[in-house]
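Below: the structure, in structure tokens.
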Amino acid sequence: MSTERTSPAPLTSTLSRRGLLGGMAASPIALTMGGTVLSAGGLFPGLAQAQTTLKISHQFPGGTLTEGDFRDRLCRKFAAQVEAETKGALKFEIYPASSLMKTVAQLQALRKGALDFTLYPMPYGGGEIPEMNLGLMPCLVTTYEQGLAWKKKPIGEALTKALEDKGVKILTWVWQAGGVAARGTPVVHPADVKGIKIRGGSREMDMMFKAAGAAVSSIPSNEIYAGMQTGALDAAVTSSTSLISFKLEEQSKSLTAARQKSFWYMLEPLMMSKMVFDSLPAAQQKALTTVGESLEPFGLEEAKKDDQRVAEIYAKAGVKVVDMDDKVMDEWRAIARDTAWKDFGERYPEGAKLLKLAEDVA
């Protein structure tokens, strides 16, 4: 696995790469760009030892295989294991902290083959692929087990097909629970957000908060610290892991933890450009999918650990830590059904059907 680059060179002609990937199926030879050997439908027989270097981008802080944000570690584990499985035919460069390209731009780049992989918050792509909004629909998923069960149910099949039709392939399903960091009193009941500026993480979360009387912000999670520091935000909801990695305890007086209940469960998978995936030989495709699926237990375990660890870190920093219970969840769910769920069901042709499929997964 290649060493992380802190000052990455720009992608070699995005349009050229896109065109090359699109036309490679008709080409009898392998193509080399910037040290990367690419071929469609299989490596050229005469280049059995050729290497393909693929890029993984994400918005989270970088670390190592054993230390740091688990989402970055998952990417590194994936890279190391696939490299071993393919005997070095596939190698990887990892770009954390949106160092290769801006956070939101990663999805479009993935779809066009200008980026190979991203570990990406699903709702960030809801404007391009409406079904992705289900990845952070308030109160729809309320346990990890429920979220992970989607994968092999009709809702997961529908979501997978929608993404693949738009050029995106999910390799590792990762769900994360989220909590609320606030500069003032804890956010527990809907009445607690009235009059404050809050970041929800998705259009649908924002609709729920607006209905409860809040002003909302749509900034990515890696910009929350600055927002709270400057007073542009009074509170923010994000995953337990991001609450830790972005050190939001430094700007918070209270934390509503996700260790018991949460209205915020987000699908944040490791995804690959389907265009790039389809250009690789079958053996390499199998290595990618097998390793990707094998890392799902790691993602689940680490997400649950962070739900506990965030409460400990914030308490140690002098932040007041509180929890939600079933009664509070019922209050939020009632608002979510009348706003975000209703809007999604009416806005998209398949919206109501998809919501029903998701609700059927207990």
Legend entry - Two-site label geometry, Gln51 and Lys253: point separation in nm, points 7 Å out along Cα→Cβ: 5.4
Inset, instruction - Please list the non-local residues whose amide H lies under 5 Å from the amide H of Phe92, H modeled 1.01 Å from N, same-chain partners needing a gap of 5 or more. - result: Ser2, Leu54
Inset, instruction - Report, for the range 52-360, the % of DSSP beta bridges that are antiparallel, rounded to 5. - result: 50
Legend entry - Rounded Å value of the spacing that divides the Cα centres of the range 237-264 and the range 304-347: 10
Inset, instruction - Roll a 1.4 Å probe over the protein chains and send me the accessible area per residue for the range 273-316 in Å². - result: 46
Inset, instruction - For the range 176-335, calculate the relative contact order in percent as a whole number, restricting contacts to Cα pairs under 8 Å that are 6 or more residues apart. - result: 34
Legend entry - Segments 265-274, 61-70 sorted - mean Cβ within 10 Å per residue, highest first: 265-274, 61-70
Inset, instruction - Counting only C-alpha contacts under 8 Å and six or more residues apart, can you give the relative contact order of the range 86-177 as a whole percent? - result: 22
Legend entry - Descending semi-axes in Å of the range 117-220, equivalent ellipsoid built from Cα gyration tensor: 28, 15, 12
Legend entry - Of Lys161/Lys353; Lys305/Lys327; Lys197/Lys253, those spanning more than 19 Å from alpha-carbon to alpha-carbon: Lys305/Lys327
Inset, instruction - Averaging sequence separations of C-alpha pairs under 8 Å and six or more residues apart, then dividing by the length of the chain, give the relative contact order as a whole percent. - result: 22
Inset, instruction - Quick one: pull the percent of accessible area on the chain belonging to carbon and sulfur, 1.4 Å probe, ligands and nucleic acids left out. - result: 53
Inset, instruction - Figure the gain on full extension for Glu67 and Ala80 (residue separation times 0.36 nm, minus the Cα-Cα span) and round it to one decimal in nm. - result: 3.2 nm
Inset, instruction - Assuming a ≥ b ≥ c are the square roots of the Cα gyration tensor eigenvalues, decide whether the range 74-120 counts as rounded (a/c under 1.5), prolate (otherwise, with a/b larger than b/c) or oblate. - result: prolate
Inset, instruction - Could you tell me what fraction of 2.2 N^0.38 Å the Cα radius of gyration of the range 180-222 comes to, as a two-decimal ratio? - result: 1.05
Inset, instruction - Tell me what the chain gives for mean residue ellipticity at 222 nm when only DSSP H runs of n ≥ 4 count, each as -39,500 (n - 2.57), the sum divided by the residue total, rounded to 500 deg cm²/dmol. - result: -11000 deg cm²/dmol
Legend entry - Inter-part distance where the range 154-214 and the range 66-83 are each reduced to a Cα centre, Å: 25
Legend entry - Global size of the chain as Cα Rg and Dmax, reported in angstrom: 20.7, 67
Inset, instruction - Could you check the simple spin-label distance between Arg347 and Lys152, using points 7 Å along Cα→Cβ, in nm with one decimal? - result: 3.2
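The values are calculated or read from the model by the stated rules, or taken from the named source; none is laboratory data. Just so it is clear, the structure is predicted and the values come from calculations on it, not from any experiment. Glycine gets a Cβ as well: all are built from the backbone with ideal geometry, and neighbour counts include every protein chain shown. Side chains are part of the model used for accessible areas, which takes the heavy atoms of the whole protein and leaves out ligands, DNA and RNA. Shrake-Rupley method; radii C 1.70, N 1.55, O 1.52, S 1.80 Å.
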